[in-house]
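Here the structure comes first, spelled out in structure tokens, and everything after it is commentary.
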Amino acid sequence: MIQVDLKNAQIKDEELLKYQEQVTLIHQKLDANLIHEDEFCGWIDMPLKYERDLNYQAAWQTMNTVASRIQKEVDVLLVIGIGGSYLGARAAVDMVQGFYNKKSPVEVIYAGNTLSSTYTAQLLDYLENKEFAINVISKSGTTTEPAIAFRLFRNLLIKQKKSKEVVKNRIIVTTDSAEGILHDLAKEEGYQTFVIPNDIGGRYSVLTPVGLFPMLVSGIDVEKVLIGAQKAYQECKTDKILVNPAYKYAVSRYHLYQEKNKSIEVLATYELQLQMFCEWWKQLFGESEGKDNKALFPASVVFTTDLHSMGQFIQEGSKIFFETVISVKKPNHDVPIPELEDDEDKINYLTKYSLHDINLKACEATIAAHSGYQLGNVPNIVLQWETMDSEMFGFAAYFFMRACAMSASLLQVNPFNQPGVEVYKKNMFELLGKK
Ligand code: PA5
């Protein structure tokens, strides 16, 4: 479902094959769950677990039952979480359901991913007279942003509903199976809980209840998401760089970093609905790889919007980056261009195309402009996506997680920890006088 096209990246197959031995070694370790002492590799066979593992099947049943009930009871689901505990769900809901989808049974909105008082105050105001439920998601159960948001929005729910029973039914907690403040609080209050498996870290958790429950409530066909992820799992079983699409992409970006002195990867999409997918991708690669003063800085642009801003820099600015372009063959919807008798606005020449056709032409033209010799000279890796539906989301999510684990391991950094994130937290807690 994803073709990795290197025609415009100036990378030959022979160059990729130089890394085959290293890739084979890492692949074997990944599959044997031996990549790092943390052993956070539970996501690798996650797509199969819902079929094979009784615990996962039970969780799947419960998620479906609770999601159907919530869909009947509320207009809005508030997802509270930050980083890996929220970006995957948001990426999926935006990509598959879009922005003005009248068929979505429930509006999904987000809190706990910011300390902005203005955003939070407006959200509190927005929800004041709405029927809403809360899905608070935190593996550690102690992260400050979601903890504050949960206190504020739970208070709003209590104030709005008054009945303890109704409040209880409107709160769903996704957290660790055994410990943490959130785990204990949920147990004490009798909230419905879903478990984030011990062997899966935040940014690799989109195919666990962290991502799947909000997707279910939003009306996404989650069985198809899992089918997509299973397909990616099957395609990524081989260690062969030229056959495994995730490894082909991972090795290409590593090659551009190592051999061509590129220090930034710009992920470019032509679909506004993929903007949050790009945010999820940035978090996945940024937190997994940015260690020991190494790695590509992951950035993103949405074209054609950003062709009218960053397009100038990409074409003629300093050449410290390469682009990875997502090109979607079949959109979720298309729009014909109507013909005007008097061609007043002079765009009748476009009526033989649909809006998506024009978007694809813009993509083709931009790749040529950016990557062309003596033009932009920016290598372009092109990822051809078949669609933008639920199956594609599952495939793409797994594809990038697998690519990221390989790519970070090639850099010899641990893909599953994030020690650098603690530094600002320590400073902030000191300033706030936390005991
Ligand atoms: O990928 C990660 O591990 C992080 O981005 C976490 O998901 C994020 O910091 C939130 O952590 P928690 O789920 O413990 O609240």
Set the Förster distance to 35 Å, then compute FRET efficiency between residue 13 and residue 349 from the Cβ-Cβ distance, nearest 0.05. 0.30
Chain lengthening between residue 243 and residue 386 when straightened (0.36 nm per residue, less Cα-Cα): 49.7 nm
Which residues does the label zone of residue 61 cover in the stretch 222-262, counting backbone N under 18 Å from a point 7 Å along Cα→Cβ? 223
Can you give the Rg to Rh ratio of the stretch 278-418, both from alpha-carbon atoms, with Rh computed by the Kirkwood formula? 1.05
Under the Karplus relation with 6.51, -1.76 and 1.60 and θ = phi - 60°, whole-Hz ³J(HN,Hα) for the stretch 355-362, x at Gly and Pro, equal 4, 5, 4, 5, 4, 5, 5, 4
Mind giving me the nanometre distance, one decimal, between the label points for residue 435 and residue 117, set 7 Å out from Cα along Cα→Cβ? 2.5
What Kirkwood hydrodynamic radius, in Å, does the chain give when the mean of 1/r is taken over all pairs of distinct Cα atoms and then inverted? 23.0
For the stretch 239-306, which GluC sites (Glu not before Pro) pass both filters: DSSP loop (anything but H, G, I, E, B) and at most 13 other C-beta atoms within 10 Å? 259
Measure off 7 Å from each Cα along the Cα-to-Cβ vector at residue 69 and residue 305, then give the distance between these two points in nanometres to one decimal. 3.8
Once phi is turned into θ = phi - 60°, what whole-Hz ³J(HN,Hα) does the Karplus curve with 6.51, -1.76 and 1.60 give for every residue of the stretch 408-421, x standing for Gly and Pro? 5, 5, 5, 6, 6, 10, 6, x, 10, 10, 8, x, x, 5
How much accessible surface does residue 272 have with a 1.4 Å probe, in Å² rounded to 10? 100
Pull out the extension gain between residue 223 and residue 160, defined as 0.36 nm times the separation in residues minus the alpha carbon to alpha carbon distance; nm, one decimal. 19.2 nm
With a 1.4 Å probe and every protein chain left in place, tell me how much accessible area residue 304 has, in Å² to the nearest 10. 50
Could you look at the stretch 37-220 and say what percent of its accessible area is carbon and sulfur, using a 1.4 Å probe and all protein chains? 49
On a full-extension model of 0.36 nm per residue, what is the gain between residue 51 and residue 337, subtracting their alpha-carbon distance, rounded to one decimal in nm? 98.5 nm
Heavy-atom accessible area per residue, the chain, 1.4 Å probe: how many Å²? 47
Taking a ≥ b ≥ c as the square roots of the eigenvalues of the Cα gyration tensor, with a/c under 1.5 meaning rounded and otherwise prolate when a/b exceeds b/c and oblate if not, the stretch 338-435 is prolate
Leaving out ligands, DNA and RNA but keeping every protein chain, what accessible area does residue 220 have, in Å² rounded to the nearest 10, with a 1.4 Å probe? 10
For the stretch 278-294, Karplus couplings with θ = phi - 60° (6.51, -1.76, 1.60), whole Hz, Gly/Pro x: 5, 5, 4, 4, 4, 5, 4, 7, x, 6, 7, 10, x, 9, 6, 6, 10
What do you get for Rg/Rh over the stretch 37-220 if you use C-alpha atoms and the Kirkwood form of Rh? 0.94
Can you pull the percent of the stretch 237-359's accessible area that's carbon plus sulfur, 1.4 Å probe, other chains left in place? 53
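The values are calculated or read from the model by the stated rules, or taken from the named source; none is laboratory data. Predicted model, so just to flag it, every value in this text is computed and none were measured. All Cβ positions, even for glycine, are placed from backbone atoms using ideal geometry, and neighbour counts span all protein chains on display. Note: areas computed on protein heavy atoms with side chains; ligands, DNA, RNA excluded. Shrake-Rupley method; radii C 1.70, N 1.55, O 1.52, S 1.80 Å.
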